[in-house]
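Q: Take this structure first; my questions come after.
Computed from the coordinates by the stated procedures, all read-outs in this text should not be read as laboratory data. This structure is a prediction, so every number in the text was calculated from the model and none was measured. With ideal geometry, Cβ positions are generated from the backbone for all residues, glycine too; neighbour counts draw on all protein chains shown.
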Amino acid sequence: MTAHFDALETRAPGERERSLLERLPKQLAFARERTAYYAQVLKDVDLAAVTSREALARLPVTRKSDLNTLQHAQMPFGGLNATPASGLARIFMSPGPIYDPEGRGPDFWRNARCLYAAGFRPGDVVLNCFSYHLTPAGSMFETGLHHLGCAVIPGGVGQTEMQARAIADLRPAGYVGTPSFLKIILEKCDELGGDSGSMRRALVSGEAFLPAVREFMGGRDIDCFQAYGTADLGMIAYETPAREGLVLGEDLILEIVRPGTGDPVAAGEVGEVVVTPFNADYPVVRLATGDLSAVLEGVSPCGRTNTRIKGWMGRADQTTKVRGLFVHPHQVAEVLRRHDLKRARLVVENEAGEDRMTLKVEEASEPAARAMEATLRDVMKVRGQVVCVAPGSLPNDGKVIEDLRKYS
């Protein structure tokens, strides 16, 4: 067995980038021709000219947070699907509700690659404890395991005594599911006196992999890896034996943008994850996930040459309410745009029972700050103070709005 899933993983970065950008105009044209939504969104765009990241960044983002509204207006997928519902393999229902399509192609969610990186191999028996009920995670990992040549125990969630019995009887080599549930099952095995020693590897996702849980797994010699994906996009990035960030999958373009905008940030800066996958059934373009992350510089020591990200770093949707009115990250971005500035943070506090809003701005002069206060009031309909701060002094954590009010 080789160390990598295929030769795509070790391509020169420039070769990969050229391949993705050469394929991009055709993918965009496909989305416009085959979906009702992108027929409107991209109708006036010269798609043949979208051959660079700069050109891609000029296209509008489609926000995951808007999918519920879009789907309610045009069931079941808001017009974003190229394959009709009758031609799909499965239709899922994520919280929201948001309907997620699964096409009939092999490894539709692109999970086999990350499973291979986590040590799963053909012939492994694997306990799949992601949910099989309505949400897609169970199917995401089952189809990836099948593509890899593994046998799957469809455990799902709950029924811990039965899960412990299955581990003792069927001797699975590995586990996929949330890290906390794996800990619960292993503790149930201990309680019942069952043998869980066959479990040697795990791919976990769906929640934070806390240090205490990671230490627990290490104490049982279970090699655990993390993966990051969404119900709309499938697998996005995955941990490798190098343990240095998460490596991107091979069939997507990832951007990190300033929250509330579609504007890419500099490498290393925290921002919102935006993904354009090459998907023939659900060809979304610049889907803004609402998740925060950042690009890691350099190439992974594991030999995979694709871009790495730091993993999930929180949520980009920092909408809050000030004096009865909602304030959004895109409004902060609009204030900065009008004054040709880049970095700011809106801090919301409460003093003596009254909300106070302060916009901290890098690289602004005092006269500009006073002018921005009028713009702030115009855009947000709420009065606020603008304060100049030194360049580089705002934290690199992706926050555009910071709510410091105490509610208890």
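Q: Pick out, from Gly174, Val45, Leu287, the residue whose Cα sits farthest towards the positive end of the charge dipole of the chain, with +1 on the Cβ of Lys and Arg and -1 on the Cβ of Asp and Glu.
A: Towards the positive end, the residue furthest out is Val45.
Q: How far apart, in nanometres, would the label points at Asp223 and Leu21 be if each is projected 7 angstrom from Cα along the Cα-to-Cβ direction?
A: Going from the Asp223 label point to the Leu21 one covers 3.7 nm.
Q: Where in the chain lies the longest segment free of trypsin sites (Lys or Arg not before Pro) that are both loop residues by DSSP (not H, G, I, E, B) and have at most 10 other Cβ atoms within 10 Å?
A: Result for the longest clean stretch: 44-405.
Q: Quick one: putting +1 on the C-beta of Lys and Arg, -1 on the C-beta of Asp and Glu, what dipole do you get for the chain around its Cα centre, in Debye to the nearest 20?
A: Around 540 debye, computed over the chain.
Q: Further question on the same structure: Stokes-Einstein diffusion coefficient for region 240-329 at 20 °C in a medium of 1.002 mPa s, Rh from the Kirkwood formula over Cα pairs: what value in µm²/s?
A: Translational D for this selection: 150 µm²/s.
Q: ³J(HN,Hα) across region 393-399 via Karplus (A = 6.51, B = -1.76, C = 1.60, θ = phi - 60°), whole Hz, x for Gly/Pro?
A: Result, ordered by residue: 8, 6, x, 8, 10, x, 6 Hz.
Q: Work through the residues other than Glu362 whose Cβ is under 11 Å from its Cβ and net out their charges, Lys, Arg +1 and Asp, Glu -1.
A: Overall, the nearby charge balance is +3.
Q: While we're looking at this one, here's another question. If one takes the longest principal axis of the Cα atoms in the chain, at what angle in degrees, from 0 to 90 and to the nearest 10, does the Cα axis of helix 137-148 lie?
A: Between helix and principal axis, roughly 50 degrees.
Q: Quick one: grab the alpha carbon gyration tensor of region 349-394, order the square roots of its eigenvalues as a ≥ b ≥ c, and give me rounded if a/c is under 1.5, else prolate or oblate depending on whether a/b is larger than b/c.
A: Judged from the Cα gyration tensor, region 349-394 comes out oblate (a/c at least 1.5, b/c at or above a/b).
Q: Grab the eigenvalues of the alpha-carbon gyration tensor for region 274-370, scale each by 5, take roots, and send me the semi-axes largest first in whole angstrom.
A: After diagonalising the Cα gyration tensor, the semi-axes are 34, 18, 15 Å.
Q: For the chain, what is the per residue volume of the convex hull drawn over the alpha-carbon atoms, in cubic angstrom?
A: 167 Å³
Q: Further, regarding this structure: 5 Å is the cut-off here: which amide hydrogens, built 1.01 Å from N in the peptide plane, fall below it relative to Phe92, excluding neighbours closer than 5 in sequence?
A: Amide H neighbours of Phe92, under 5 Å, 5+ apart: Asp100, Glu102.
Q: Determine by what factor the alpha-carbon radius of gyration of region 1-111 differs from 2.2 N^0.38 Å, reporting the quotient.
A: Cα Rg divided by the expected 2.2 N^0.38 Å: 1.26.
Q: How charged is the neighbourhood of His328? Take every other residue with its Cβ under 12 Å from the Cβ of His328, and add Lys/Arg as +1 and Asp/Glu as -1.
A: +1
Q: Would you mind checking Lys183/Lys360; Lys321/Lys342; Lys64/Lys381; Lys183/Lys310; Lys183/Lys406 for any pair whose Cα atoms are more than 32 angstrom apart?
A: Lys183/Lys360; Lys183/Lys406
Q: Using a 7 Å offset from Cα along Cα-Cβ at Arg104, what residues in region 63-89 end up with backbone N under 18 Å from the label point?
A: So the set is 81-89.
Q: Taking H placed 1.01 Å from N in the peptide plane, check which residues at least 5 places from Ala82 or on another chain put their amide H under 5 Å from its amide H.
A: Counting only residues 5 or more places away or on other chains, the set is Tyr282.
Q: Which distance in Å, rounded to a whole number, links the C-alpha centroids of region 177-251 and region 2-33?
A: 28 Å
Q: Per 10 Å bin, what is the whole-percent P(r) computed from every C-alpha pair distance within region 320-403?
A: 18, 57, 24, 1
Q: Right, another one. Using modelled amide H (1.01 Å from N, peptide plane; none on Pro or chain starts), what sits under 5 Å from the amide H of Phe130, excluding residues fewer than 5 places away?
A: Counting only residues 5 or more places away or on other chains, the set is Gly156.
Q: Moving on. Please list, in order along region 308-323, the HN-Hα scalar couplings obtained from phi with the Karplus expression 6.51 cos²θ - 1.76 cosθ + 1.60 (θ = phi - 60°), rounded to whole Hz, x for Gly and Pro.
A: 10, 10, 6, x, 6, 10, x, 9, 7, 7, 10, 4, 9, 10, 10, 6
Q: Now for a different question. Which of Cys129, Cys114, Cys302 moves most in a GNM of the chain, Cα contacts under 10 Å?
A: Cys302
Q: Let me ask something additional. For the chain, take the longest principal axis of its alpha carbons; what is the angle in degrees between that and the long axis of helix 366-380, to the nearest 10 within 0 to 90?
A: Between helix and principal axis, roughly 70 degrees.
Q: Go ahead and set up a Gaussian network model of the chain, Cα springs under 10 Å, then flag whichever of Ala371, Ala267, Ala316 fluctuates most.
A: Ala371
Q: Only Cα pairs within less than 10 Å get springs; with that Gaussian network setup on the chain, which residue of Thr320, Thr289, Thr240 has the largest fluctuation?
A: Among Thr320, Thr289, Thr240, the largest GNM mean-square fluctuation belongs to Thr320.
Q: Whole-Hz ³J(HN,Hα) for each residue in region 112-124, computed from phi via Karplus 6.51 cos²θ - 1.76 cosθ + 1.60 with θ = phi - 60°, x for glycine and proline: what do you get?
A: 4, 4, 6, 5, 4, 4, 7, x, 6, 9, x, x, 5
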